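Read through the structure below, which is laid out as structure tokens, and then see the notes.
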Amino acid sequence: MKDKILSAALVLAFVGFSWALYGQLHEVVVNAGDKAPSFSITTDNGQTITARDFAGGKLLLLNFWATWCDTCVQEIPDLNQMARDLAPKGLVVLGVSVDQNQQQYKDFLKRFPLAYLTAWDPTETINTEYGTIQYPESYLIDRDGKVVEKFISNQPWASPQMLADLSKRLGS
């Protein structure tokens, strides 16, 4: 009898844990059309950035990446080019690294300077709020704080089509 009670308690505990885990993972997925979750992070140049900083005039491309992620590193030259081309028109690119090793992250930035804002989030706070668990993943957030597009994996950021599409969204 004691074994049956223990077994039943374990089954109930497992079901409860599974339900809680499912609820957490299921609820936290941001897609195009959703309101972008708020965040605040200090960039590598010491500037504190919040989601509200982009209201009323700028588009934000929020890019989650890591130095150990090959596809993330592959898209950096295109992100650099896009940032240089579209920053004057109002696009802000913010790369948020989820690297755990700060020295590895800093060494990478010294070897490969980025043409856009970067920040280090080793606790993976912001990407978790967006439901991002694979990298790279990017979100284009409009002036009203709405996700207008979600990009999974690396993208041809500097391609003529991408630059034209983003320029159109910027109104130029």
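The values are calculated or read from the model by the stated rules, or taken from the named source; none is laboratory data. Predicted, not measured: the structure shown is a model, and the values here were computed from it. For neighbour counting, all protein chains shown are included, and Cβ atoms are generated from backbone atoms with ideal geometry for every residue, glycine included.
Looking only at residues of the stretch 54-76 that are at pLDDT below 95 and over 14 Å from the mean Cα position of the chain (by Cα), we find that the one that is nearest to E137 (Cα to Cα) is L59.
For the stretch 127-172, the candidate set comprises residues that are among the acidic types (D, E) and buried (at least 16 other Cβ atoms within 10 Å of the Cβ); within that set, the residue that is nearest to P77 (Cα to Cα) is E137.
Does at least one position in the stretch 50-69 carry a residue that is touching a Ser or Thr at 6+ places or on another chain (Cβ under 6 Å), in the same structural domain as T132 (by TED's automatic domain parsing), part of a loop (DSSP other than H, G, I, E, B) and farther than 21 Å from W157 by Cα? Checked the stretch 50-69: no residue is touching a Ser or Thr at 6+ places or on another chain (Cβ under 6 Å), in the same structural domain as T132 (by TED's automatic domain parsing), part of a loop (DSSP other than H, G, I, E, B) and farther than 21 Å from W157 by Cα.
Condition check for L61 on (1) farther than 28 Å from G171 by Cα; (2) buried (at least 17 other Cβ atoms within 10 Å of the Cβ): one failure, at (1).
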